[in-house]
1. Considering region 236-250 alone, what residues qualify as being without any contact (Cβ under 8 Å) to a residue 40 or more places away in the chain and under 14 Å from residue 278 (Cα atoms)?
2. Please state which of the following conditions residue 229 fails to meet, knowing it meets all the rest: (1) polar (S, T, N, Q); (2) outside any helix (DSSP H, G or I); (3) under 24 Å from residue 322 (Cβ atoms).
3. Check off (1) within 20 Å of residue 277 (Cβ to Cβ); (2) touching a residue at least 24 places away in the same chain (Cβ under 8 Å); (3) over 28 Å from the mean Cα position of the chain (by Cα) for residue 172 and give me the number that stays unchecked.
4. Please state which one of 440, 404 is acidic (Asp, Glu), assigned to a helix (DSSP H, G or I) and at pLDDT 50 or above.
5. Return the total of residues in region 374-385 being within 19 Å of residue 281 (Cβ to Cβ) and within 10 Å of the chain's Cα centre (by Cα).
6. Please go through region 165-224 and pick out each residue that is closer than 28 Å to residue 151 by Cβ, hydrophobic (A, V, I, L, M, F, W, C) and surrounded by 14 or more Cβ atoms within 10 Å (Cβ to Cβ).
7. Is there a residue being out of contact with any Gly (no Cβ under 6 Å at 6 or more places or on another chain), surrounded by 13 or more Cβ atoms within 10 Å (Cβ to Cβ), β-branched (Val, Ile, Thr) and more than 18 Å from residue 279 (Cα to Cα) anywhere in region 351-374?
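The values are calculated or read from the model by the stated rules, or taken from the named source; none is laboratory data. Predicted model only: the values in this text are computed from it and were never measured. Quick reminder, even Gly has a Cβ in these numbers, built from the backbone with ideal geometry, and neighbours come from all protein chains shown.
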Amino acid sequence: MNILSILTNFIKNSKKEVNKVSYNFNNLPDGVFTLELDGKIIDVNDKALEMYNATRFNILGRYFSEFVEGGSAILNKAIENNCAICAKAKFEDISENKPKEDKYFEFSASKSPETQKAFVIVRDVTNAHKEQNIINEKYTVAKKIIDGKNDFLIASSGTILSTLVSISGFSRALLDGMGGPLSDKQNKYLNIINSSSKDLNYDLEKLFALFKLESRQTKYNFKVFDLISMIKSIERVYQKDIKDKNLQFSLDYESLYRRDCYLDGEIIEYILRCIMDIFLRFGEMGACSFNIGHPPIEFLKTKDFESKEDVDLDNLNEARIRQITENYALFEAKLQDLVFAPEELENIFDSYYKGQTKRPIGLKATLNLLKQYITDFKGDIWIYSKSGFGTMITFVLPLTPIEEAKKEPQTTLKLNEDALVGLDTLYSETNPNIIQIENELTEKIEKSGEKGEF
């Protein structure tokens, strides 16, 4: 039991058993003030007198606000939030020998309306406060250096990436015969140059995106978009690459019933493309699959989404269960050819963890990008990996703002009429408007892929 609990119990008991309770406050290691509810000091222990270098005559009958910068606001905040607050102590007109340097005390408090009393616990944390200031100064300097480095790299990223694109493009042109016939040795080295430049471009692009995110330069643009149309467009863009690599790939989104999604569409597109890139880069002989649907209610219970929904998930009717589950999208990406060691898996979301296994820096950066984007969108991500099974990347995203999801079902979130057609015709697969939207998305994704842009 801590000191504040002891004092609180004393307050509660003092009214009923005032003659039975006897606790010598002078035995406590911290300073103690007993106050009336208006803040007037009616008692103080020897430790508090020592801390303020004062006598009872200097303290009793005065208001506690005279002893701390911030006055009664500090006391009220400590009581209301049930927490300790560090503040600068005041010694004017209190101590005969005012300390030569500032003193910082930690204040915690409790009150009882029954007895019309309050206790304040005071602890000297001056040395800890000095150390914290030193740490804060070092952090400020380090942050300035890191932010400057990130800003420089982000500003230079376009030039670096475009140079790599030029190298891969020129080497590809030579391989296609632009400069005439090639010897076997020339063909071999050009293939190495082309492959390495593409890999480096991929890795650096992910690193630059991570730097940008860490510098909080990424500005999200939340709006409603058609998630299924986006998935179809990405599927078409990656069909040729998947076929060329002869991957055993399957994409299933038949159980995703809700099309309208209120998130940053460009970031969601980027996340989905990151998953597809992982398949292409690390998929070889094993199967890979990407399933997208709505999580079952049991999944939301297990993964602690109950607190986000702010509802009792155990007592819901079927209509409410469906409404809640369709507020989320569940993404499951499995790749047999990719396996993480237990140590890697434990530190998978530590951006700069250096493990024993040599992995492409782009893979580590990609997983950290996914983690940060999904967390920013109030979702969550998990990675399971085991030899013989492969790796499963599972993440959940809310399709609508959490505040909207708490409402009882009435109508689905309306789509932006300027961007998409109305809900009455949205679900028609042959709708020419939907086909046009999908084509526009496909064209946009293809162009961004050609330019190597995010």
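1. Answer for region 236-250, where residues must be without any contact (Cβ under 8 Å) to a residue 40 or more places away in the chain and under 14 Å from residue 278 (Cα atoms): 241, 242, 245.
2. So the condition that residue 229 fails would be (2).
3. (2)
4. 440
5. Residues in region 374-385 being within 19 Å of residue 281 (Cβ to Cβ) and within 10 Å of the chain's Cα centre (by Cα): 0 in total.
6. Residues satisfying the conditions are 165, 167, 200, 204, 207, 208, 209, 210, 211, 213.
7. First, the residues of region 351-374 that are out of contact with any Gly (no Cβ under 6 Å at 6 or more places or on another chain): 351-374.
Narrowing the set further to residues that are surrounded by 13 or more Cβ atoms within 10 Å (Cβ to Cβ) leaves 351, 353, 355, 359-374.
After this cut, where a residue has to be β-branched (Val, Ile, Thr) as well, the list is 361, 366, 374.
Now restrict to residues that are more than 18 Å from residue 279 (Cα to Cα): 374.
Yes.
Residue by residue, here is whether (1) surrounded by fewer than 18 Cβ atoms within 10 Å (Cβ to Cβ); (2) at pLDDT 85 or above; (3) of a type in the set (S, T, N, Q) holds:
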{"residue": "70", "(1), (2), (3)": "yes, no, no"}
{"residue": "77", "(1), (2), (3)": "yes, yes, no"}
{"residue": "89", "(1), (2), (3)": "no, yes, no"}
{"residue": "92", "(1), (2), (3)": "yes, no, no"}
{"residue": "120", "(1), (2), (3)": "no, yes, no"}
{"residue": "128", "(1), (2), (3)": "yes, yes, no"}
